[in-house]
Amino acid sequence: MSMQRTVQRPTSRIVEAIPAGARVCVIGCGDCATVEHFGGEAECIELAEALREQGVEVSGWACPPEGDGVCNLTVARRLQSAAAEVLERSDVIVLLACPQGEPAVARATGLPVIMATQVIVGGLTGGNQVAVEDCHFCEVCIARAAGGLCPHSFCPKQMVNGPCGGAQGGRCEVLPKRPCVWEQIHRRLKAAGRLDVLAVYQAPISFAPTSGEDAED
Ligand code: SF4
Ligand code: SF4
């Protein structure tokens, strides 16, 4: 069983996507993003602050009232009028909403939109929650396109640009009792006519210890 969920991308990934020197307006959504706490007012304020701390010039933020979704063009246009002053001082939108919000916001504001969220699948924890903390936030969620098969979760080498080439007769070279998940992914994407997903290079996973962790000798 797999489960989809929209979550906020790591701030570092959002910063990478912002062109150098661009002035940013953070826009949230009053509907699902507010209810599910990935893009309401509080999250807009937090992200604006986090971007500033990373040296990004943030002109301001805007979020429609609770219940109003920016995927609705009328709501997006209303937001554009309410936040006209901030938008005039902005070069790009950083959008904290579902992917459905992108076209309406781009059309209403006339500005390029950088998505600050991502729909992921991922493995499930014992409590049936998507293991967001394990997600690598691939440029394109392979699991979403491949019916829930997340290579980061199911490949023992955590290959995000697989396969590794070691599979024998369709079996994983590390765990021979298991099928190679990358061969399964390839079959599913081919059947769905989505082999284009594999043309997107995914940034390699860094296993360097983060601050506070001790490196092993
Ligand atoms: S394929 Fe990538 S983005 Fe999708 S759930 Fe797995 S690690 Fe996350
Ligand atoms: S054989 Fe397949 S599942 Fe096993 S490590 Fe290599 S790519 Fe990953």
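Using C-alpha pairs below 8 Å separated by at least 6 residues, the relative contact order for the chain is 19 percent.
Remark on the range 16-112: hydrodynamic radius 12.9 angstrom, per the Kirkwood mean of 1/r across alpha carbon pairs.
Footprinting exposure proxy ranking of V26, V105, V140, fewest other C-beta atoms within 10 angstrom first, gives V140, V105, V26. When C135, C32 are arranged by Cβ crowding within 10 Å, least crowded first, meaning fewest neighbours, the order is C32, C135. Look at the dipole of the chain built from charges on Cβ: of C98, Q168, I27, the Cα furthest out on the positive end belongs to Q168.
Can you tell me how the range 1-51 classifies by the Cα gyration tensor, rounded, prolate or oblate, using a/c under 1.5 as the rounded cut? If you can, show how the numbers build up before the last one.
On the way: a/c = 2.66, a/b = 1.46, b/c = 1.81.
The shape class here is oblate.
In what sequence do F38, F137, F207 fall when counting other Cβ within 10 Å, fewest first? Walk me through the numbers on the way to the answer.
Values: F38 22, F137 17, F207 6.
Placing the least packed residue first, the sequence is F207, F137, F38.
Taking the Kirkwood radius as Rh and the Cα radius of gyration as Rg, the chain has a ratio of Rg/Rh equal to 1.03. Taking every DSSP beta bridge that has both ends in the chain, the antiparallel portion is near 35%.
Where a number appears in this text, it was derived from the coordinates with a stated rule and is not lab data. Given the structure is predicted, the values throughout are model-derived calculations rather than measurements. Counting neighbours? That spans all protein chains shown, and the Cβs are built from the backbone with ideal geometry, glycine included.
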